[in-house]
Every structure is written in structure tokens, then in C-alpha cells.
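Quick note: the coordinates plus some simple rules give every number you see, no bench work behind them. Computed from a predicted model, the values in this text were never measured in an experiment. Note: ideal-geometry Cβ built from the backbone for every residue, glycine included; neighbour counts use all protein chains shown.
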Amino acid sequence: MTTRQEPQHRTGSGFGALSTADDVLGGIDLSGRTALVTGGYSGLGLEITRALVRAGAHVVVPARRPRIAEEALRGTDRVEVGALDLADQESVRLFADRFLATRSALDILVNNAGVMACPETRVGPDGTWESHFAINHLGHFALVNRLYPALSRSTDARVVSVASSGHFLSGIRWADPHFHEGYDRWLAYAQSKTANALFAVHLDSLGAAGAGPRAFAVHPGSILTPLQRHIPRAEQIAQGWVTADGTPAQGFKTPAQGAATAVWAATSPLLDGRGGAYCQDCDVAEPALTDDMLTGGVKPWATDPEAAARLWQLSAELTGLGNPLR
């Protein structure tokens, strides 16, 4: 059994907030490796896909809109697109079945796709799941569990979930995770990002115990991408994200810089034998000592192993996967 290490402890990576995905991949050869990046055709995901390809990987891009994905990735070598709607558990099953039927091993899986601050939307088998929780967390939960056989065939697979400092705003709402009482789009987003972090904690504990994949959650930083499509420009200006002419505020990263932490967590040799950590600015994050989301770090409710195990069980019950990986 692999010995667990204290996860929230910096590695001294030598990289930082301004590093790009290509910077952290310098000297790393991913030839012969297979990666999967959900939403890997737009915004942050597109940058992650392109960087992994430049390092030699073959990248599978599941997409809700395959034709748009194929157009965005046109001219990019070693990429294939597959149909997947994370809001639809049957779509997740079909995608995973196709993948397992055609490929043996999966080395890198980046859970990148997601929604942010969208209007109240209900999805799921019975139409009652809150969309942030369903897409950002439950869809990826099912995808990883269904692809676990391929991840287990890799000698050193890693699963990276794109979280956010938005987790500062909410832990898991155990009494009402689907917001049947009083929907709040920002708290819904925040809960789903806490769920992303907790998912990495428990998935890693299973991987470390059974020679499975190691797992990480990452905060990419503040970046303007299509993720903000539900947030009116006036609100973005009021939040201080952009100036009146649309220029990103100081401290915002470029997409290439935003992709760096996910790519670093997926490939860095400094993380060999480690896992379960929340990362930012191309290193493991320290615990958050204040409520300042700009300073970053990680709140205790996003790294609590007991909460992670409880969320895992709830997610298994909701998705009908029973008790996966056990």
C-alpha cells in the first residue's frame, strides 16, 4: 500500500502564476500517452488539449457539441472527438463503453468541462438534479468511475479536476444539495467546485490504496473564457473583472497561463507518489487563512476526508453506480 503524504504542502516547483502550460511541460515527453480532456475544445480546455498534444500526447476530447469541437480542433494533430453530455448519465455510459471498447489504457484524465452561475436548470434521470452539481460533479464522477478500468491499466495515471476559488463560498449543502429550497446561482457553482476538490481527495485515497490513479484538484486562476457566458458584461464590470472597454482586470491570467496548473498536476514528476491535493499557480496550495479568494489557498471543507467519503457515497447513490471501485 502506498503511504499517504500530507497533501497541502508546497513542492517548490519553480513555476508560478505567470507560467504557461508550455512552460511546465518543458522537457516532458508524452509520446505514446493517452489523455482525455472534457470540454477540451473551448477556453481553458482548448489550451490544455493543445499543450498536451505539443508534448506528444494523443488527446480524446468528449464534447456535447462534437461538430463545434471538431471545427475548433481542426489542424491539431493526435486529437479525436467523441460525443458526451455530462448532464446525461446515459450519454456518459455510452461514451465510456465506446472508449473501453477501443482503447486499453488512459494515462491522463482532466475533468475540465463545466458551467458557471447559470439560471436555475434541472437535469438528471428524474429531472430534479441542480445543473452545476450534476454537470460539474456528478457527470465527471460517473465518467471517471466508468473509465476506471482504463485508468488502472496505466502505470501512473492521474486524474485532474478543475475546481475554483469559488469553493470559498460554500461547502456541500448536505440537507439540500440540489437547491430545492432557494436557488442561488453562485452558491450552486461554489458547491460544485467544493465537490470537485472533495472528489479528488477520495478518488486519490482509493487509487493510493489499490495501485489506481492519483488525483488532484486545481484552481486555474481568474481567466475570462466562455465559462462566463451567463454573466452579463455589466455584472462583470461591477465585479471588477473587466474594465468598461472589456479589458481583463489586473491579476487575470491568459488562457495559456490558466491551463498551466492543470497540466502541471497531470504531468509533474514532483507529484510522483503524491495525490489528493488542491493546487494553484503550478504548485500545491497552502490552506486558506483568510476569506480572500484572490489570495487563494484551500478551505478545510474542500479537503476533509470524511466529507469526501460522504460525498462519494451520495454520488454513487445518485448516479446508480452503487459502491464503485470497492
TM-like helix rule applied to the chain (DSSP H, alpha carbon span at least 24 Å on the long axis, mean Kyte-Doolittle at least 1.0) gives none
Largest fluctuation, Asp272, Asp176, Asp126 only, Gaussian network model of the chain with Cα springs under 10 angstrom, belongs to Asp126
Stretched fully, the stretch from Glu120 through Glu181 gains (0.36 nm per residue minus C-alpha distance, one decimal, in nm) 20.8 nm
Amide H neighbours of Val59 at under 5 Å, excluding residues fewer than 5 places away on the same chain, with H built from the backbone geometry, are Ala35, Val79, Glu80
The extension gain from Glu90 to Thr254, computed as 0.36 nm times the residue separation minus the Cα-Cα distance, is 55.5 nm
Checking the range 57-98 for trypsin sites (Lys or Arg not before Pro) in a loop per DSSP with at most 14 other beta-carbon atoms within 10 Å yields Arg74
With 0.36 nm assigned to each residue of separation and the Cα-Cα distance removed, Arg74 to Asp97 gains 5.7 nm
Any residue on another chain or 5+ positions along whose placed amide H is under 5 Å from the amide H of Val110 is listed here as Leu36, Val37, Thr38, Val160
For the chain the mean separation of alpha carbon contacts under 8 Å (6+ apart) over residue count, i.e. relative contact order in percent, is 24
